[in-house]
Amino acid sequence: MIKNITHAHPLIALSLIPLINACNGEQDQQAEAAWLQTNTGAIISLSEGEFKKLRLQVIDEEIFRVTATPQENFHNLPDTLMAVAEPVQSDFSVTEAEGKLIVKTAEISAEISLTDGTVEFKNASGKTLLAEAGRSLAPVTRDPGPVDEDSHSVRQYFRQSPGEAIYGLGQRQDGRVNLAGENIELTTHNMEITIPYLVSSYNYGLLWNNTGISRLGDPRPPQPLAAAFELYDIDGNKGGLTAHYYDGDKLKLARTEADLNYQFLSHGNLREVPLPEELADAENLRIRWSGSIVPKQSGKHEFKMYSSGYATLSLDGDVLLDRWRMNWNPWYHNAKIDMQAGRKYQLDLHWRPQGGYLRLLQYAPRPLKETQQLTLSAETAKAVDYYFVAGDNLDEVISGYRHLTGKATMLPKWAFGFWQSRERYKSQDELISALEEYRARRIPIDNIVLDWSYWPEDAWGSHDFDPQHFPAPGDMVDRVHELNANIMISVWPKFYPSTENYKALNAAGCMFNKNIDEKNIDWIGPGYLNAFYDAYNPECRKIYWRQIRDKLNRLGFDAWWLDAVEPDIHSNLSFQHRKALMTPNAMGTGAEMFNAYALPHAESVYRGERESDGHKRSFILTRSGFGGIQRTGSAIWSGDVVSRWSNLKEQIAAGIGVGMAGMPYWTFDIGGFTPEDRYRYNGDTVVGHFEQMAETEQREWQELNLRWFQFGAFTPLFRSHGQNPFREIYNIADEGSETYHSLVWYTKLRYRLMPYIYTLAGDTYHRDSTIMRGLAMDFGDDPKVLDINTQYLFGPALLINPVYEFGARSRQVYLPAGADWYDFYSGKKHQGGRTLNANAPYSRIPIFVKAGSIIPTGPDIQHTGQSLNAPITLNVFTGADGSFDIYEDDGLSYDYEQGQWSRIPVSYDDASGELTIGDRIGSFKGMEHTRQIHVRWIDEGDSAVDFETKPGQSLKYNGEKITLKKPA
């Protein structure tokens, strides 16, 4: 048989198949599959299974796209939204051998079964990186409709390699970093952001090309308890748990319940499952469920407690979960435990709702075969569709994602300074006074934020200002600029029907009006009818931007806060109901487009601003995101997390997951958005300054904020925000206190590190790098780092170890193998591959620096504008070779896209003790050609943070190579 038809015309190749088979006398009962080569790959007609065609496209030498459809062609596929890369002309071959079609480039190959279409991906040396294990179709059951005849629920199985770790997929609040073997729902919610790109410790990535809810692992949502357990009440009767309903300590009702479910609203403020009538007058409601559960199978069971208010789940007296969330923003909390089939376990769940929501769900143990697979499923799809990306390391794998979905645009330099925000500044005087106070106290700051409700109460979406509290918004913006700062303003995709903006959008068919039809009023004043616009419609997006441009952009605001873009049309509705409220939209049903709203919404603002104000970098903060959001001048943040230690800890893993999914710009509300009432109120006093708080709560409040702040100084964006108590540094602690001193110290350290930080930012665009780095990115050969979820690298040099326990003055720190590490503060040197009990005094978090690092720092400044052309100090951590290329541009314009930037390459040879500052690469407008550079040699015992120490050497650098010798 002819094995290679690479150079044949595609139609000739297809027509030759039956002829060749006949000539060879092959008379199989099952016809052999036909295939044809295309300009970008190959298409195979499958002879087995539910899928009729498989298409493999060569995007470039290291990226393939695989699409498997039950149709006869691929004409029904929707726009991808995420992917912007088109296949480039790459040299590839297509050959047939031993029942497989092999598509091969210089870097990777795909071997495709000609019967069932399963694909195996290999690198250039023939090592298997990823192999499919099958795929399946099922009816769509979770789209409230209408469901197209060509829509299916799809599932793709892959074989998982032994010891393989899986990362990425966006932002979650479960504390997990390594997702191998986990059940992960890819959805969007206030605190959940899906970026459907995963990366493997085997140096490949997979972009799941679906815009609806998808799942890693179990394809089902979590199930009620009764699906996996026999339930018994406190008297041993089978059928449910005993529920006791109390008003304070008074028992109001006892009954048996099999499903612990107060999870969602049906509409308005009415619950899907109403509370019992006996509780109508309860002022201090609490509910306790007690009884026994008996697993139907042995293995690791996962409890999923969806809750707000106070909720504590215990098993056999051991507390599994003890959580609080504000009533209006519940989410899942997870706990895994090994359980034996047939054994009784005592379960207790105590809930104080405070007006909140709860449901206890679970995942039963999956069959061993499934836990050893990497499985992705989608609730609704036209086809199985994904991109496979290979690389020599995880940076290259993430670079492949950016190639597919768009470069991470450069943010303005000021975005990397300190931001102060509050929910909310109630007048322009409050906002300006806060900024003036920072300047008076000489605490560096670059951005102040005007959050929501600056508009008249009954005019959400008007983009007007309340004349009583914001009588001269243009003057407010001008004053911020006079103070050498920037101002970001909150803008929602939400409109009251009384506003002219709503009327214009509605006339164009742009509004999701089902929310109004259901009379789902919001929470402002008496409550108002409202609707969100259809961001999937390009014409609607143009109208939306014009309205912002004409009302807000003309005033000179510097950045946009695009809030509630999940979209949160009406909080606490079920996912099915949320889908229905978004149906129809310009691209399909709400189920089909569920996760993607934030992407076209942000892109319209980004592109609109570039057209209107092309001289300045657009900057957006958005509460949700999706694959490709990095190309829109956007950063994402972790939503309305609460002021609790558990939420602080979970942000570490959340940020790592975002970075390893390819999105470099991420932040959170330092201190948590909503605190418990014990912090917010003191009797009738609404707490602003911390001294208004009960004395018993002040110490923990200050420590929580300080620890969160210390962590925040080493995240891509450094942003303090939240409800009362006020979050300004001077409202958290008084000057002269240890707390105040540490808050200011870390703020100033952030600005000292600006040459380093801005280089990391430049590398996200020019080198597709990642700022907040999971340890597997740089130390993947060390198996001990694969599951670490509370440590990360900030750039290549700094190992950050946040403190997340109240009263902790030390913490366990693992120093990755393959490097030596300096204590950032003391200079003590440690060998990698070991765990330390690291000191964590109240005013410091443990930070270690990799030997061989070169960290450029700058002077003590008040805003990032003062860093341009400022002197640079090179902090050289000896003990290993190292290099660092200092990146600079004007920090404000898009000239960097046209090559207006510079780099100063610096390298250190430890054996010779020579530091080489190389020839400058490039230039930009406003760059000074002669720079003052200082050198500090950090040996064991030398503190890196004593910035006033006289440098070892100083020189004038004019862009030409200079070599310095380390003093003896």
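Could you say which residue among D464, D429, D446, D451 is farther than 24 Å from N724 by Cα and acidic (D, E)?
Going through D464, D429, D446, D451 in turn, just one is farther than 24 Å from N724 by Cα and acidic (D, E): D464.
Within the set of pairs 6 or more residues apart or between chains, which connect a residue that is of a type in the set (F, W, Y) inside the stretch 850-876 to a residue that is surrounded by fewer than 22 Cβ atoms within 10 Å (Cβ to Cβ) with Cβ atoms less than 9 Å apart?
Listed by first residue and then by second, the contacts come to nothing, as the list is empty.
What number of residues within the stretch 428-472 satisfy the criterion of being under 24 Å from N484 (Cβ atoms) and either aromatic (F, W, Y) or not in a loop (DSSP other than H, G, I, E, B) (or both)?
21
Would you mention how many residues in the stretch 91-127 are among the hydroxyl-bearing types (S, T, Y) and within 32 Å of the chain's Cα centre (by Cα)?
2
Can you give me the number of residues within the stretch 228-264 that are part of a strand (DSSP E or B), hydrophobic (A, V, I, L, M, F, W, C) and in contact (Cβ under 8 Å) with a residue 12 or more places away in the chain? Spell out the reasoning first.
Going residue by residue through the stretch 228-264, those that are part of a strand (DSSP E or B) are 229-232, 238, 241-247, 250-257, 261-262.
Those still in the list that are hydrophobic (A, V, I, L, M, F, W, C) too: 229, 231, 241, 243, 251, 253-254.
Still in the list and also in contact (Cβ under 8 Å) with a residue 12 or more places away in the chain: 229, 231, 241, 243, 253-254.
Qualifying residue count for the region: 6.
Name the residues in the stretch 95-127 that are more than 15 Å from Q37 (Cβ to Cβ) and assigned to a loop (DSSP other than H, G, I, E, B), would you?
Across the stretch 95-127, the qualifying residues are E98, G99, A106, E107, T115, D116, G117, T118, A124, S125, G126, K127.
Only one of (1) of a type in the set (G, A, S); (2) part of a loop (DSSP other than H, G, I, E, B); (3) more than 32 Å from the chain's Cα centre (by Cα) is not met by G212, so which one is it?
Of the numbered conditions (1) of a type in the set (G, A, S); (2) part of a loop (DSSP other than H, G, I, E, B); (3) more than 32 Å from the chain's Cα centre (by Cα), the odd one out for G212 is (3).
State all residues of the stretch 253-311 that are more than 30 Å from A531 (Cα to Cα) and among the hydroxyl-bearing types (S, T, Y); if no residue qualifies, say none. Write out each step before concluding.
Within the stretch 253-311, the first condition is being more than 30 Å from A531 (Cα to Cα), and the residues that meet it are 253-260, 276-305, 310-311.
T256, S290, S292, S298, Y310 - these are the residues of the stretch 253-311 that are more than 30 Å from A531 (Cα to Cα) and among the hydroxyl-bearing types (S, T, Y).
For the stretch 862-878, indicate whether the set of residues that are surrounded by fewer than 18 Cβ atoms within 10 Å (Cβ to Cβ), of a type in the set (S, T, Y) and under 30 Å from R442 (Cβ atoms) is non-empty.
For the stretch 862-878, residues surrounded by fewer than 18 Cβ atoms within 10 Å (Cβ to Cβ), of a type in the set (S, T, Y) and under 30 Å from R442 (Cβ atoms): absent.
Can you confirm whether F668 is more than 23 Å from G205 (Cα to Cα), surrounded by fewer than 23 Cβ atoms within 10 Å (Cβ to Cβ) and of a type in the set (F, W, Y)? If you could, list the steps in order and put the result at the bottom.
Details: more than 23 Å from G205 (Cα to Cα): yes; surrounded by fewer than 23 Cβ atoms within 10 Å (Cβ to Cβ): no; of a type in the set (F, W, Y): yes.
Considered against the rule, which asks whether it is more than 23 Å from G205 (Cα to Cα), surrounded by fewer than 23 Cβ atoms within 10 Å (Cβ to Cβ) and of a type in the set (F, W, Y), F668 comes out as no.
Tell me which strands (runs of 3 or more DSSP E) are completely within the stretch 265-343 and hold 3 or more residues being more than 28 Å from the chain's Cα centre (by Cα) and either among the small types (G, A, S) or at pLDDT below 95 (or both), or say none if there are none.
On the way: elements: 265-267, 285-295, 299-307, 309-315, 318-325, 331-339.
Here the list reads 285-295.
Out of the stretch 762-814, which residues are over 22 Å from the mean Cα position of the chain (by Cα), assigned to a loop (DSSP other than H, G, I, E, B) and closer than 26 Å to F884 by Cα?
D781, D782, A797
For the stretch 881-903, which positions are surrounded by fewer than 16 Cβ atoms within 10 Å (Cβ to Cβ) and within 18 Å of P796 (Cβ to Cβ)?
D881, S883
If you check D909, D890, D895, which single one turns out to be charged (D, E, K, R), at negative phi and in contact with a Gly (Cβ under 6 Å, 6 or more places away or on another chain)? Steps first, please.
Numbers: D909 fails: in contact with a Gly (Cβ under 6 Å, 6 or more places away or on another chain); D895 fails: in contact with a Gly (Cβ under 6 Å, 6 or more places away or on another chain).
Residue meeting the stated conditions: D890.
Residues checked against (1) in contact with a Gly (Cβ under 9 Å, 6 or more places away or on another chain); (2) modelled with pLDDT under 95; (3) surrounded by fewer than 24 Cβ atoms within 10 Å (Cβ to Cβ):
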| site | (1), (2), (3) |
| --- | --- |
| H189 | yes, no, yes |
| E192 | yes, no, yes |
| V199 | yes, no, no |
| N203 | yes, no, yes |
| L216 | no, no, yes |
| A228 | no, no, yes |
| I234 | yes, no, yes |
| K238 | no, no, yes |
| K250 | no, no, yes |
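Cβ-Cβ distance below 6 Å, separation of 6 or more or different chains: which pairs start in the stretch 760-779 with a residue that is under 26 Å from V813 (Cβ atoms) and end on one that is among the acidic types (D, E)?
S769/D763
The values are calculated or read from the model by the stated rules, or taken from the named source; none is laboratory data. Note that the coordinates shown come from a computational prediction; the quantities given were computed from them, not determined experimentally. Don't worry about glycine lacking a Cβ; one is built from the backbone with ideal geometry, like all the others, and counts go over all protein chains shown.
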